[in-house]
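To start, the structure under review is shown below, and the notes come after it.
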Amino acid sequence: MLKYIGKRLLISVITLLVILLILFLLLQLMPGSPFNDEKLSPEQVAQLKEKYGLDRPVIEQFFRYIVNMLRGDLGVSYSLSANTPITELLVNRFPITVQIGLASMIVGTFSGLVLGFLTAFFRNKVLNFIYGLFTLLGIAVPSYIFAMFFSYFLGYRVDMLPLLYDFRTPILSTVMPIMAMSFGVMSVIARFAKAEASDVMKSDYVLFAKCQGLPNGTVIMKYVLKNSLMPVITVVASLLVSLLTGSLVIERMFSVPGVGGLLTSAIDSNDYSVVIALSFIYSALYIVVMLLLDILYCIIDPRVRLGGRD
Amino acid sequence: MDRRGMKKTVSVLLSLVMMTGVLGGCSSDSVNTELNIALNDSPSTVDPQLTYEINTNNVISFFVATLYEYTPDHELVPCLAESSEVSDDGLIYTFHLKEGLKWSDGRPLLAEDFVFAMQRLADPDVGSNSVYLITDSCMVKNAREINTGKMPVNELGVRALDDRTLIVELEAPCPYFRALVTLPNFSPCCEDYYHVVGEDYAKRADTMLYAGPYIMDRYEPLAMQIHLTKNPYYLNADNISIEGITLQVINANQQAVMCYESGVVDITQITGELTELTEGDPELHVYPQAMLSFIDINHGTNPALKNRNIRMALSKSIDRVSLVENLLRTGYSSITRIIPPGFYKDPDGSDFAGDRTMYDEYAVYDTDEAKRLWELGLSELGISSLTLNFVYATTSGDVAEAICAQMEKALPGLKIELKPVPRKEHSRIRMSGDFDMIMVGWVADYSDPTAFLSCFLSTDHTNSYNDPDYEALIERCQSAEVANNNEERVNLMHRAEEMLMEDAAVIPLWTVGRSYLVHEGVEGFRLTPTGTGFVVTGLTKEVR
């Protein structure tokens, strides 16, 4: 097991370095520079590039970046927030994005599981209708439409929830962003949960358990739920990464000071160091979550571990 | 309880309810001088020497004070300066500071603080994107050499004669220097304090000193919400009636309007389609900007564009009024001259560009005349058709395509290749000269017609127009003998504008104002046309 984890960690580090190098090379191809103001003369632009080391060969920039990164220095923003250390930008913003992302994940997963399992266990028309409606809406309608809908009715018309994120009411003002973001999660999870639970309920071992005279509740709790959850974990993990990296549209709509809008703004203004830092963190996050997922699989299902050994 | 007792109880309860209402009313009548303003983007910095965009200047204008400032009527008046004089050769400005100026922590604000601020602006280690203000817009002595690392910052031609006297030496006369120093980049910076906070300077609300009407008590880089409170040490603190201001960044247009409608914010800027929806609303205010949209012609490469008749035909084939009325709408107005109206006054107090039709004969929409000039131009060139490329930022797609369609329709034999480019690629293309025509938006940094006219000098790195007579005229405008004779200078600037229009050197399109929704109870909300920010003095909010 430890050898397996060690091997995966090594691969992860190499992958991250390759990603970083590709990012550096790709950024050289981006049009323009962080200093796009026409009022600056070419000499002044050159001066600014020299100040930030952007006039150096790309390989030199790459290695310098890695050395600095190992010291915990991700560089400074060139244009988005002039001269501000990127770590400072992220330290304030990541917690809010993570808080909203995690809350959306929990709300969406829990409601999705409840909806999916209930529909699978109690096959009645009303539940099926609700399931069909919610899963269809959740998948077909983008989260920003929900955000606009909630904003208009709950924020503007009824005046029940704040229209914008407010640091003085951090819980209340994140309710609408969480609702908007969790809708999609709920529908995906509900579909998986229903499909898996239906399959498991038709399986031989569940039939056998029922034949043994075990009560329905025990069969569901002990066999169906446990075995239906395995594939759901994979979906949850991949959704979690996308939620933790923030939603550009939702954060912009509710003026949430998260990292969601930071990457696009950085790309738009050629703020290379912010683009690199965020892309690197997103990649690292994805790799770490996937690694944890694999380890979790090994623990839950010994067949995966054996398969790995073979 | 009998009926009478019941009645009594009900009347007591009703009285209590009414009293509560009255008291509630009283509480809502209590002083509420907190103003909420929506911004559509976070400031990229709050360091006054680093700012380079209008949105950032708008935020900074609340807490900086400069030597001179603009009144709500756009009059240039001394602010931290009491008076100033300029030497006969126009090269040395002496500013006398007002007595008793203080920073927000109570320490005295001295002439030395302006010296340090200007040194920071020129310093290559600080890396200000607005360095051109001190090296090009006004050429402060040695600023260029300092910025290119050839001289130390203490060689900058700015010095404090004493605590209240500041002397600025220029390399060339700059008749608009007093207007230029209204920009926050020229606001003071306390050296002692700067060295104490070090790299944290202007990174948080408590790592800055303030000399302006407000101080920040909540800020973080790329903040979505900034809070300001009145600065008791501000020299005009008595004229500041609003105690606190919340600046709320709202990126989504429709969210900003909902916040405005529901009273979450008192003032919001509106752009895009929502500007059209609010047309006719008495709370909609459009503030003119010193901004010109124009088509820059490449005079260097394509021989056809060296022909005046061809250039003028292109200009006269554009129906600007129709574009403004049908596509651009609120806030925009068509223009057939270079200098936008409402940002500079002639010596007699009239608007420099008050006569909007002055140069109509060279640019106004006239398809017959355009066709005549076009055919004349083509015959002079010995060709029957012409293909030109037209570069524009993708964000201006609709209107750029409409302009080209109008040109092609009016001018037989003209074919235009559309070249949409990303916004950030646009400036590189313009500087490289890889275009025939390019759509440009230009905002003046300071209130002087030369802010536009100097764009067409051969020394400007974005320009390809080169007319020695025009160059000589602008040089005379900036010379010492004319600098102190405003009447002659204004006449020369009028002549320079006329020369550009006569020669169809550029194709002006439209100007644009900034549209804001301002609640009825808020008075005195103004923006300077040059983008130095909000005019804070005189801003009031009706107490409810």
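Are there DSSP H segments in chain A that both extend 24 Å or more along their axis (alpha-carbon positions) and score a mean Kyte-Doolittle hydropathy of at least 0.5? List them, or say none. Spell out each step's value before the answer.
Working: long enough: A:2-29 (41 Å, 2.15); A:86-121 (50 Å, 1.44); A:175-201 (36 Å, 1.11); A:225-244 (27 Å, 1.78); A:272-300 (41 Å, 2.29).
Qualifying helices: A:2-29, A:86-121, A:175-201, A:225-244, A:272-300.
Could you tell me the accessible area of residue B:279 in Å² (1.4 Å probe, neighbours in place), rounded to the nearest ten?
Looks like 80 Å² after rounding.
With every protein chain in place, what's the accessible area of residue B:96 (1.4 Å probe, Å², nearest 10)?
50
With respect to the cross-link table entries B:371/B:419; A:39/B:150; B:230/B:541; B:203/B:541, which display a Cα-Cα separation exceeding 20 Å? The partial results should precede the final answer.
On the way: B:371/B:419 24 Å; A:39/B:150 22 Å; B:230/B:541 14 Å; B:203/B:541 30 Å.
In this structure, B:371/B:419; A:39/B:150; B:203/B:541 exceed 20 Å between Cα atoms.
Keeping every protein chain in place, order B:109, A:248, A:25 by accessible area at 1.4 Å, biggest value first, i.e. largest first. Kindly include the intermediate steps, with their values, before the conclusion.
On the way: B:109 10, A:248 60, A:25 85 Å².
Solvent-accessible surface, decreasing: A:25, A:248, B:109.
Let me know the mean shielding of B:250-263 by other chains, meaning the per-residue number of their Cβ atoms within 10 Å of its Cβ.
5
Ratio of segment A:52-175's C-alpha Rg to 2.2 N^0.38 Å, to two decimals?
Working: Rg = 22.4 Å, N = 124, 2.2 N^0.38 = 13.7 Å.
Rg over 2.2 N^0.38 Å, computed on Cα atoms: 1.63.
When N is the residue count of segment B:251-300, what does its C-alpha Rg come to as a fraction of 2.2 N^0.38 Å? All intermediate terms of the calculation are to be shown ahead of the outcome.
Numbers: Rg = 15.8 Å, N = 50, 2.2 N^0.38 = 9.7 Å.
So segment B:251-300 has a normalised radius of gyration of 1.62.
If you roll a 1.4 Å probe over segment B:446-544 with all protein chains in place, what percent of the accessible area is carbon or sulfur? If you can, show how the numbers build up before the last one.
On the way: 1450 of 3410 Å².
Carbon with sulfur: 43 percent of the solvent-accessible area.
Return the average number of partner chain Cβ atoms within 10 angstrom of each residue Cβ along peptide B:214-225.
Values: counts 0, 0, 0, 0, 1, 0, 9, 12, 13, 4, 13, 7.
Mean number of neighbouring Cβ atoms from other chains: 5.
Taking amide H positions as placed 1.01 Å from N in the peptide plane, with prolines and chain starts having none, which residues 5 or more places from residue B:389, or on another chain, fall under 5 Å of its amide H?
Distant-sequence amide H within range of residue B:389: B:417, B:436, B:437.
Dividing the Cα convex hull volume of chain B by residue count, how many Å³ per residue is that? If you can, show how the numbers build up before the last one.
On the way: hull volume 99.4 nm³, N = 544.
Per residue, the Cα convex hull of chain B comes to 183 Å³.
Once whole DSSP H runs in chain B are found, which of them have Cα atoms spread over 30 Å or more along the helix axis and a mean Kyte-Doolittle score of at least -1.0? Mind dumping the intermediate values first?
Working: long enough: B:3-29 (38 Å, 0.51).
The answer, listed by residue number, is B:3-29.
What's the buried accessible area, both sides, between A and B using a 1.4 Å probe, rounded to 100 Å²? All intermediate terms of the calculation are to be shown ahead of the outcome.
On the way: alone 17590 and 24020 Å², together 37500 Å².
What A and B bury together is about 4100 Å².
Work out the mean other chain Cβ neighbour count within 10 Å for the residues of A:28-40 and drop it here as an integer.
Going residue by residue through A:28-40 and averaging, the value is 6.
Could you work out how far the C-alpha centroid of segment A:48-62 sits from that of segment B:452-516, in angstrom?
38
With +1 on each Lys and Arg Cβ and -1 on each Asp and Glu Cβ, how big is the dipole of chain B about its Cα centre, in debye rounded to the nearest 20?
Values: 43 positive and 80 negative charges, 342 e Å.
So the dipole magnitude of chain B works out to roughly 1640 debye.
So for segment A:94-257, Kirkwood radius off the Cα pairs, Stokes-Einstein at 20 °C and 1.002 mPa s: how many µm² s⁻¹?
Details: Rh = 17.0 Å.
Translational D for this selection: 126 µm²/s.
Please calculate how many Å² of accessible area the protein assembly as shown carries per residue, with a 1.4 Å probe and no DNA, RNA or ligand atoms counted. Display every interim value, and only then the final one.
On the way: 37500 Å² over 854 residues.
I get 44 Å² per residue for this part.
Ordering A:269, A:255 by accessible area with a probe of 1.4 Å, largest first, what comes out? Let's see the in-between values first.
On the way: A:269 30, A:255 0 Å².
From most accessible down to least: A:269, A:255.
Using protein chains only and a probe of 1.4 angstrom, how many square angstrom of residue B:526 are accessible, to the nearest 10?
So the heavy atoms of residue B:526 present about 90 Å² to solvent.
Quick check on segment B:301-388: what are the equivalent-ellipsoid semi-axes from the Cα gyration tensor, as sqrt(5λ), descending, whole Å? Spell out each step's value before the answer.
Values: eigenvalues 180, 52, 24 Å².
Result for segment B:301-388: semi-axes of 30, 16, 11 Å.
In µm²/s, what is D for the protein assembly as shown at 4 °C and 1.567 mPa s, where D = kT/(6 pi eta Rh) by Stokes-Einstein and Rh is the Kirkwood radius from Cα pairs?
Values: Rh = 30.9 Å.
Calculated translational D: 42 µm²/s.
What is the Cα convex hull volume of segment A:111-156 when expressed per residue in Å³? All intermediate terms of the calculation are to be shown ahead of the outcome.
On the way: hull volume 3.6 nm³, N = 46.
About 77 Å³ per residue, rounded to a whole number.
What does the convex hull of the alpha-carbon atoms of segment B:405-544 project to on average, in nm²? Write down the numbers at each step before the final one.
Numbers: hull surface 53.3 nm².
The directionally averaged projection comes out at 13.3 nm².
How big is the Kirkwood radius of chain A, worked out from every pair of different alpha carbons and given in Å to one decimal? Present the calculation step by step, with values, prior to reporting the outcome.
On the way: mean 1/r = 0.0443 Å⁻¹.
Final number for the Kirkwood radius of chain A is 22.6 Å.
DSSP beta bridges in the protein assembly as shown, what fraction antiparallel, as a percent rounded to 5? Before the final figure, lay out the partial values.
Working: 56 of 74 bridges.
Of all bridge pairs located within the protein assembly as shown, approximately 75 percent are antiparallel.
The values are calculated or read from the model by the stated rules, or taken from the named source; none is laboratory data. Only a predicted model underlies this, so the values are computations on that prediction, with no experimental measurement involved. Note that each Cβ is placed from the backbone with ideal geometry, even for glycine, and that neighbours are counted across all protein chains shown. Accessible surface is based on the protein model in full, side chains and every heavy atom, while ligands, DNA and RNA are left aside. Shrake-Rupley method; radii C 1.70, N 1.55, O 1.52, S 1.80 Å.
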